[in-house]
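Engineer: My questions all concern the structure below.
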Amino acid sequence: ECTLTLAIDGPAASGKSVVGREVARRLGIRFLDTGAMYRAITLASIQQGVAADDACKLSSLAACADMRLVTHSNGDRLLLNGDDITPRLRLAEVDASVSAVSAVSGVRTALVAQQRAIASDGSIVMCGRDIGTVVLPDASVKVFLTASAEVRAARRAAEMQQRQETFDTRQVLAALQRRDKIDRERDDSPLRPAADALVICSDHLTIEEVVCQILAEVSQC
Ligand code: C5P
């Protein structure tokens, strides 16, 4: 039996997790959103008062973190040291410092090792920033999903509206651009398409159309 590994990378709010989850569901394989792991370490750093530039303490936090991903029909849960932190992963404070925390090499080394261990258990769709370039360079299919900053900000704003959160569209756009800039310009594992990635711009595509393009690519391999 052959294992299928799909890497889906792209900037913030490009639709990676919605698309990745649906592709995984249709293929009957696992899905891992690696962004949640970086968010978990960021949340722990905030709770423990560790500064976003304290590389040493952040690295040991990541190395010692006991992360468990629990798959539920009504959405996946992430347990950190036994505590269900899922509802707190999208807090504004986490959004604000996750890119700084993720730029720390020691944090990446610890999380990438866990991601590879999870992938070695069988077929999986994994989404993030460096899956095709660093985590799974031999992935069966690599996709780089993009959309213009304006479209991504509008989608993020719509999600916030649905959750009845208050927001300012210009601030949502500025926050996305700030995070993308840090993710693109960092030295370790910057956000960029792998040389062999299929690049999909979703500005004028529905979720279903993106899912179908990816499934077509999978059926060719
Ligand atoms: O995908 P999401 O927006 O939840 O990711 C949050 C942050 O985690 C990103 O902005 C990036 O800084 C970091 N990240 C990363 N590498 C990954 C996934 C996420 O550096 N593979």
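The values are calculated or read from the model by the stated rules, or taken from the named source; none is laboratory data. Predicted model only: the values in this text are computed from it and were never measured. Please note: Cβ atoms are built from the backbone with ideal geometry, for glycine as well, and neighbour counts cover all protein chains shown. Keep in mind that these areas ignore ligands, DNA and RNA; they rest on the heavy atoms of the full protein, side chains included. Shrake-Rupley method; radii C 1.70, N 1.55, O 1.52, S 1.80 Å.
Engineer: Just to verify a number: FRET efficiency for CYS56 and ALA174, C-beta to C-beta distance, R0 = 30 Å, to 0.05?
Structural biologist: 0.50
Engineer: Using only DSSP helix segments of four residues or longer, with each worth -39500 (n - 2.57), what per-residue ellipticity at 222 nm results for the chain after dividing by its residue count and rounding to 500?
Structural biologist: Helix-only estimate at 222 nm: -15500 deg cm²/dmol.
Engineer: Now for a different question. Once phi is turned into θ = phi - 60°, what whole-Hz ³J(HN,Hα) does the Karplus curve with 6.51, -1.76 and 1.60 give for every residue of the stretch 165-182, x standing for Gly and Pro?
Structural biologist: My calculation for the stretch 165-182 gives 8, 8, 7, 10, 4, 5, 6, 4, 4, 5, 5, 5, 5, 5, 5, 4, 4, 5 Hz in order.
Engineer: A follow-up question, please. Tell me, what % of the accessible area of the stretch 5-216 is carbon and sulfur with a 1.4 angstrom probe? Let's see the in-between values first.
Structural biologist: Values: 5410 of 10210 Å².
C and S atoms contribute 53 percent here.
Engineer: Quick one: compute a quarter of the convex hull surface over the Cα atoms of the stretch 5-216 and quote it in nm².
Structural biologist: 11.2 nm²
Engineer: Right, next: Using a probe radius of 1.4 Å on heavy atoms only, what accessible surface per residue do you get for the stretch 5-216? Whole Å² is fine.
Structural biologist: Counting only protein heavy atoms, the per-residue value for the stretch 5-216 is 48 Å².
Engineer: Could you tell me the largest-minus-smallest coordinate of the C-alpha atoms of the stretch 91-221 on each of the three principal axes, in descending order and whole angstroms?
Structural biologist: Sorted largest first, the three principal extents are 42, 38, 25 Å.
Engineer: Ratio of the stretch 71-125's C-alpha Rg to 2.2 N^0.38 Å, to two decimals? Let's see the in-between values first.
Structural biologist: Values: Rg = 13.4 Å, N = 55, 2.2 N^0.38 = 10.1 Å.
Against the compact-globule rule of thumb, the ratio is 1.33.
Engineer: Just reorder ILE85, ILE46 by solvent-accessible area, largest first, 1.4 Å probe, all chains present.
Structural biologist: ILE46, ILE85
Engineer: Measuring from label point to label point, each 7 Å out along Cα→Cβ, what is the LYS181 to ASP121 span in nm?
Structural biologist: 3.9 nm
Engineer: In sequence order, what are the phi-derived ³J(HN,Hα) couplings for the stretch 139-150 according to the Karplus relation 6.51 cos²θ - 1.76 cosθ + 1.60 with θ = phi - 60°, rounded to whole Hz, with x for glycine and proline?
Structural biologist: Once θ is set to phi - 60°, the couplings for the stretch 139-150 become 3, 4, 9, 10, 10, 10, 9, 10, 6, 5, 4, 5 Hz.
Engineer: Rank GLU93, GLU22 by accessible area, highest first, at a 1.4 Å probe radius?
Structural biologist: On the way: GLU93 105, GLU22 40 Å².
Reading off the accessible areas and sorting them downward yields GLU93, GLU22.
Engineer: Within the stretch 5-216, what percent of beta bridges assigned by DSSP are antiparallel, to the nearest 5?
Structural biologist: Working: 6 of 23 bridges.
Just about 25 percent of them are antiparallel.
Engineer: While we're here: Rounded, prolate or oblate: pick one for the stretch 35-157, where a ≥ b ≥ c are the square roots of the eigenvalues of its C-alpha gyration tensor, a/c under 1.5 means rounded, and failing that, prolate if a/b is larger than b/c, else oblate.
Structural biologist: Here the stretch 35-157 falls in the rounded category.
Engineer: Additional query: Take THR86, THR34, THR206 and sort them by solvent-accessible surface of the protein heavy atoms, 1.4 Å probe, largest at the top.
Structural biologist: The most accessible residue leads, giving THR206, THR86, THR34.
Engineer: Given springs between every Cα pair under 10 Å in a Gaussian network model of the chain, which of ARG179, ARG90, ARG152 has the largest fluctuation?
Structural biologist: Result: ARG90 has the largest fluctuation of those listed.
Engineer: Still on this model: Label-point separation (nm) for SER73 and ARG192, each offset 7 Å from Cα along Cα-to-Cβ?
Structural biologist: Result for the modelled spin labels: 4.5 nm.
Engineer: Let me ask something else. Can you give me the solvent accessible area of SER17 with a 1.4 Å probe, rounded to the nearest 10 Å²?
Structural biologist: 40 Å²
Engineer: Can you compute the modelled spin-label distance between VAL199 and ARG163, with each label point 7 Å from Cα toward Cβ, in nm?
Structural biologist: For VAL199 paired with ARG163, the spin-label model returns 3.1 nm.
Engineer: Quick query: amide H of LEU32 versus all other amide H atoms, modeled in the peptide plane; which residues come in under 5 Å with a sequence gap of 5 or more or a different chain?
Structural biologist: So LEU32 has HN proximity to VAL125, MET126, CYS127.
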